[in-house]
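J.: One structure is given below, represented as structure tokens, and several questions about it will come after.
No lab work stands behind these numbers, since they all come straight from the coordinates. Computed from a predicted model, the values in this text were never measured in an experiment. Heads up, the Cβs are rebuilt from the backbone with ideal geometry, glycines too, and the neighbour counts pull from every protein chain shown.
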Amino acid sequence: MNTSNDDYVYDEATGEWRPASELAAEIAAQNAVRDASGNILTDGDSVVLIKDLKVKGAGQTLKQGTVIRSIRLTDNPEEIDCRHEGIKGLVLRTEFVRKR
């Protein structure tokens with residue numbers, strides 16, 4: 001028997017009563033921002049480009065293997081906000097990066 005003071009929530013998918021903290025952890029993991037390899041990304045991580053990308057409006061191409069440091073997560077789990085030499089407001093799709 002669970003001796004903690006955790007609240008229980010009815011999980012309609014399984015038909016069981018489960019600890020609320022357990023369900024919250026599952027939901028957070030499902031909504032996590034993931035890179036092209038499935039690794040979870042967090043604010044401040046460094047990523048590596050897995051493909052050459054042309055940057056619209058900058059007239060520049062970021063080459064495969066370029067390291068981008070100190071990323072920031074956005075409201076969209078498929079995009080990250082970052083900076084690179086001379087390019088402000090750079091937004092990259094997570095399908096083109098791998099966690100370093």
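J.: Find how much the distance from ALA58 to THR14 grows on full extension, using 0.36 nm per residue of separation minus their present alpha carbon separation; answer in nm with one decimal.
T.: 10.8 nm
J.: Something else about it: Within 10 Å, at most 16 other Cβ atoms, and a DSSP state outside H, G, I, E, B define an exposed site. Report the longest part of the chain free of exposed GluC sites (Glu not before Pro).
T.: In short, 13-77.
J.: Loop only per DSSP, at most 16 neighbouring Cβ atoms within 10 Å: give me the trypsin sites (Lys or Arg not before Pro) in the range 1-80, ordered by residue number.
T.: The qualifying sites are LYS51, LYS56, LYS63, ARG69.
J.: Right, next: Calculated from DSSP H runs of 4 or more alone, at -39500 (n - 2.57) each and per residue, what is the 222 nm mean residue ellipticity of the chain, nearest 500?
T.: -3500 deg cm²/dmol
J.: To continue, here is another question. For the chain, what does the relative contact order come out to in percent, with C-alpha contacts under 8 Å and a separation of six or more?
T.: Reported as a whole number, the value is 24 percent.
J.: Let me ask something else about it. With θ set to phi - 60°, apply the Karplus curve 6.51 cos²θ - 1.76 cosθ + 1.60 along the range 80-92 and write out the HN-Hα couplings as whole Hz, x wherever there is a Gly or Pro.
T.: Here the 3J(HN,Hα) series is 10, 9, 7, 10, 9, 2, x, 10, 8, x, 6, 10, 10 Hz.
J.: Using modelled backbone amide H atoms (1.01 Å from N, in-plane), which distant-in-sequence or interchain residues come within less than 5 Å of VAL33's amide H?
T.: Hits under the 5 Å cutoff: LEU41.
J.: What residues qualify as long-range amide H neighbours of THR66, i.e. H under 5 Å apart, gap of 5 or more or another chain, H built at 1.01 Å from N?
T.: Under 5 Å from the amide H of THR66 lie the amide H atoms of LEU49, each far enough along the sequence or on another chain.
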